[in-house]
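Undergrad: Supplied in structure tokens, the structure appears directly below.
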Amino acid sequence: MTETANARKIAFATFVRRALDEARATRAWSGTEVSRRTGVSRQTINRWVRGDWASDPEAERVVAFCEGLGLDPATAFAALGWDRAARPRSTPTPPPMDPDVEALLRRLVDPNVSDAEKFHIRETIRYLAYRPTLPVDVRKRGKQAG
């Protein structure tokens, strides 16, 4: 492997690792959640983090990874040493964030909040995010509407 190819792998692996760390710290996303939201498999993301790829990552996957995390694909392309600039697809403006969720995210990045408190916030979020959806009682719904 040439020195340039190795440097590109290290630079891209660093970019991906930082993106994952940021998603974990600010959004409490696991690797599985990053994969779900970006459409890039965990195996692919893990290969990128290890720099374990024989040919360059597919541009479409790099763009999907970046857009799923709200990052500029041009930064990833630069880490890969690609000359071309990314033309990100136009993304709709996300809906406003719920104030309670925004408050939780602020607490997760606040250096004055203890690690124990951050752990409890993340565990509660995970529980709520992945618990089975409760069925809606049709009769109750009808009474509330009427």
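The values are calculated or read from the model by the stated rules, or taken from the named source; none is laboratory data. Given the structure is predicted, the values throughout are model-derived calculations rather than measurements. Cβ sites come from the backbone with ideal geometry, for glycine too, and all protein chains shown count toward neighbours.
Undergrad: Can you list residue pairs whose Cβ atoms sit under 6 Å apart, with the first residue in the range 8-33 being under 18 Å from GLY70 (Cβ atoms) and the second being β-branched (Val, Ile, Thr) and in a helix (DSSP H, G or I)? Count only pairs 6 or more apart in sequence or on different chains.
TA: VAL16/VAL49; ARG17/VAL49; ALA23/VAL34; THR26/VAL109; ALA28/ILE125
Undergrad: Enumerate the helices (runs of 4 or more DSSP H) found wholly within the range 7-118, keeping only those where 1 or more residues are farther than 23 Å from ALA129 by Cβ. Can you show your working first?
TA: Values: elements: 31-38, 42-50, 59-69, 73-80, 99-109.
Because the criterion is at least 1 residues that are farther than 23 Å from ALA129 by Cβ, the helices (runs of 4 or more DSSP H) in the range 7-118 that meet it are 42-50, 59-69, 73-80.
Undergrad: Report yes if some residue within the range 65-86 is at negative phi and surrounded by fewer than 11 Cβ atoms within 10 Å (Cβ to Cβ); otherwise report no.
TA: The answer is yes, given that some residue of the range 65-86 is at negative phi and surrounded by fewer than 11 Cβ atoms within 10 Å (Cβ to Cβ).
Undergrad: Quick one: what pairs do we get from the range 107-132, first residue in the same structural domain as SER30 (by TED's automatic domain parsing), second not in a loop (DSSP other than H, G, I, E, B), C-beta under 9 Å, 6+ apart or different chains?
TA: none
Undergrad: So which residues in the range 8-30 are surrounded by fewer than 16 Cβ atoms within 10 Å (Cβ to Cβ) and either within 17 Å of LEU105 (Cβ to Cβ) or under 8 Å from the mean Cα position of the chain (by Cα) (or both), if there are any at all?
TA: ASP21, GLU22, ALA25, THR26
Undergrad: Continuing with the same structure: I need the full set of residues from the range 38-64 which are surrounded by 15 or more Cβ atoms within 10 Å (Cβ to Cβ) and of a type in the set (D, E, K, R), in order please.
TA: Scanning the range 38-64 gives ARG47, ARG61.
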